[in-house]
Amino acid sequence: MRVKFRNSRRCRAVLVVAALSIGGVFSADRWIEKTEIPSLTPEVSTTVLDRKGRLLRAYTVADGRWRLPVEVGDVDPGYLEQLIAYEDKRFWSHIGVDPVASLRAIGQLALNGKVVSGGSTLTMQVARLLEEAPSRNLKAKLRQVRLALALERRLSKEEILKLYLTIAPFGGNIEGVRAASLSYFDKEPSRLTPSEAALLVALPQSPNARRPDRSPQNARRARDRVLARLEDSGVLSSDTVKAARSERTPDARMHFPLRAPHLADRLRRESTQAIHRATIDRDLQSSVEDLFRTRSGRLGRNLSGAVIIADHQTGEIITSVGSPHLFDTSRRGFIDMTRAVRSPGSTLKPLIYGLGFEVGLAHPETLIEDRPTDFGGYAPGNFDQTYRGTVSIREALQSSLNIPAVAVLDSIGPAQLMARLRRAGADAKLPPGRGTGLAIGLGGVGLTLRDLVALYAAIARGGEAVELHERLGRRTNRRESRVLSPEAAWQVSDILASAPTPDMAHTERLAFKTGTSYGYRDAWAVGFDGAHVIGVWIGRADAAPAPGILGIDTAAPLLFETFSRVKSKPDPLSPPPDTVLTVSHSELPHPLKRFRHPSMSGRNESPKPKIAFPPNGATVELGIDGSRPAALTLKVRDGLPPFTWLADGKPLNVSRFDREVSYQPDGGGFMSISVIDRSGKSARTKLFIK
């Protein structure tokens, strides 16, 4: 009987492989050792993963192909079992070429007159893919065999399998099982159904002809052939195959994940590594992105928005939204507004009052004047152009009044405010050609949303700064720095936590502050509970005015909605320190009852009090560890009695009219001593007691 040979080129290739496998494979050491091996580290897509290792964003390789990094352990064991059973069942035992498969291919060729199954192993397929060379001629097939044998000597079986899982073609610009699983099933390949696994086994044999998005019927038939053979070989049960065949094959490609795109771009620019692990929580990131995308439709076509959520105990940023729509050109969605320098409006007022509390100039219940005032040529007004008269500082901060805040800032000094901002990690930008003036307290300084979140994180932590970061496992380099004293930070938090909420419906104890910059260009809302701090910005990315946007009406509702996505109920705020003065106005020491500023109450030319002893930075030995420690002598010169002495912000029970008093500290260590005279002028010294 004469057998008619078809596909003569493939027939010759199979015969060559068989001859090499049977006749000379085991005696070709020198030939194999001299094999020129291509790069065994193919370029893979840069990927950005969330804190749990889930994909946030991936980037194509240089030629536009999706080829995501993958490990053998990342892939469903069922898929691996199907792949090896169908393509190369002696993969774990052969040396790169399978003589048994080659003999089988020759027999099928002789009986059928055509190639029924090839003798190509997975290692040979990897060899062909690494060289990206044709394999349908005798010379190429011989090269493929030689390279396969060399690969088996150089690499472990797991490494060869990993290469296949990374570079096998799956249609179009999709390469590797991970990219294929995400593209066709919108899922990682760690858990695949038998039907999905069979389709992924079938695609690399003829990737473009079987593409599910182009030829779904071809894809289905190829999948079913894989299932049938695996059923015949006993790898899959008949019930499993029946159920798998009833499963619909995909008919379109899915979009790759595109979460936290601005942050992902930044991480990629900062490092050339292939895999970036971020502190982002993908589920929360997706939820907040969807929220902002939905709400942006109500804000106006040209308005953008941004939000940052951070764990203020660790400094990890768990959500970062740079704009509602990345590809919306009308909103300039490509700009990361979490890093844009803008005017912070009234959001710095908590820090201003906190500094006043820290140095003993004021207390939350101190009364202060809200009336037109000229501060050496600078005459700010309130946002609504009205004045409340005499108010408490608590009320002044909650109502965001401008005059009281500027009066306190004038007393502590704008330079002190800038210094504390830098301690918090904020990179404050002054307008070109302008120095540090009182206007910075009302927004006359440039800050980013990230800067403000860092500042409020410090307040939430009892005044201690924390370095915000987005890289998982990153070690912070900046030393811890104190932005406010624990007492002042708690007092500010307590005021912000009792402020009226936007719609009066929220009853959660959430400390928050809003702000609106000059000209309605920026609307801000920043808030925190016992665990997280959230900052929200709304405005135009081109810095043009957006009449009608207000921090309290536009940004604050989004702040509370965002908090509801994080948790159902805020974590409790920290309790007050033991040293904080929590009294009503009537119980305050006389100098703290009313804030006195020369521009408000008429100039008093009496000299400012000065602490004569102990000098600033002194170390005083009182024998604290002994049985009878000595008392600390405090001396003041200048100023007008009566005097109020404070130790770490807490009033001392000493004579108010004497210029020299004695005080017995409770223990050793660092201490801050302040004195306030009748006119409200103060002095402060820091010392160490032994």
Residue hits (region 605-633; of a type in the set (S, T, N, Q) and assigned to a strand (DSSP E or B)) are Thr619, Thr633
Picked from region 578-600 (must be free of Cβ contacts under 8 Å to residues at least 60 places away in the same chain and in a loop (DSSP other than H, G, I, E, B)), the residue surrounded by the fewest Cβ atoms within 10 Å (Cβ to Cβ) is Asp578
Note on region 207-239: residues within 41 Å of the chain's Cα centre (by Cα) and polar (S, T, N, Q) are Asn208, Ser215
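Which of the residues belonging to region 526-581 are β-branched (Val, Ile, Thr) and either closer than 21 Å to Ser400 by Cα or within 26 Å of the chain's Cα centre (by Cα) (or both)? So that I can check it myself, show each step before the final result.
At the first step, the residues of region 526-581 found to be β-branched (Val, Ile, Thr) are 526, 533-534, 536, 538, 549, 552, 554, 562, 566, 579-580.
Listed by number, the residues that qualify are Val526, Val533, Ile534, Val536, Ile538, Ile549, Ile552, Thr554, Thr562, Val566.
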Practice item. Could you tell me whether region 306-314 includes any residue that is surrounded by fewer than 21 Cβ atoms within 10 Å (Cβ to Cβ) and on the phi > 0 side of the Ramachandran plot? Key: no
Among Pro575, Pro557, the single one that is of a type outside the set (A, V, I, L, M) and in a helix (DSSP H, G or I) is Pro557
How many residues of region 35-56 are farther than 25 Å from Arg269 by Cα, touching a Lys or Arg at 6+ places or on another chain (Cβ under 9 Å) and surrounded by fewer than 16 Cβ atoms within 10 Å (Cβ to Cβ)? The answer is 2
Check: Does Ile368 fit the bill of being surrounded by 20 or more Cβ atoms within 10 Å (Cβ to Cβ) and either farther than 21 Å from Thr554 by Cβ or not assigned by TED's automatic domain parsing to the domain that holds Gly519 (or both)?
Finding: yes
Among the residues of region 439-458, is any out of contact with any strand residue (DSSP E or B) (no Cβ under 9 Å at 6 or more places or on another chain), hydrophobic (A, V, I, L, M, F, W, C) and within 30 Å of Ala260 (Cα to Cα)? no
**Request:** Would you check if there is a residue in region 258-273 being under 25 Å from Ala460 (Cα atoms) and more than 11 Å from the chain's Cα centre (by Cα)?
**Result:** no
Among Ser156, Ser195, the single one that is assigned by TED's automatic domain parsing to the domain that holds Thr240, within 38 Å of the chain's Cα centre (by Cα), of a type in the set (S, T, N, Q) and closer than 30 Å to Asp50 by Cβ is Ser195
Tell me, yes or no, whether region 393-402 has at least one residue that is touching a residue at least 12 places away in the same chain (Cβ under 8 Å) and part of a loop (DSSP other than H, G, I, E, B). yes
When (1) closer than 18 Å to Leu182 by Cβ; (2) in contact with a Phe, Trp or Tyr (Cβ under 9 Å, 6 or more places away or on another chain) are applied to Tyr79, the one that fails is (2)
Residues in region 647-664 that are farther than 24 Å from Gly356 by Cα and either β-branched (Val, Ile, Thr) or buried (at least 17 other Cβ atoms within 10 Å of the Cβ) (or both) total 1
The lone condition Thr685 fails out of (1) at pLDDT 85 or above; (2) in a loop (DSSP other than H, G, I, E, B) is (2)
**Message:** It is to be established whether one or more residues within region 193-207 are assigned to a loop (DSSP other than H, G, I, E, B) and crowded, with 22+ Cβ neighbours inside 10 Å.
**Reply:** no
If we keep only residues of region 258-300 that are touching a residue at least 60 places away in the same chain (Cβ under 8 Å) and within 16 Å of Trp537 (Cα to Cα), then the residue surrounded by the fewest Cβ atoms within 10 Å (Cβ to Cβ) is Gly300
Is it fair to say Ala618 is under 18 Å from Gly360 (Cβ atoms) and out of contact with any Cys (no Cβ under 6 Å at 6 or more places or on another chain)? no
Across region 316-335, the tally of residues that are out of contact with any helix residue (DSSP H, G or I) (no Cβ under 7 Å at 6 or more places or on another chain) and either surrounded by fewer than 18 Cβ atoms within 10 Å (Cβ to Cβ) or over 17 Å from Thr562 (Cβ atoms) (or both) stands at 9
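The values are calculated or read from the model by the stated rules, or taken from the named source; none is laboratory data. Quick caveat, the model's predicted, so the values are computed rather than measured. Because the Cβ atoms are built from the backbone with ideal geometry, glycine has one as well, and the counts that use them run over all protein chains shown.
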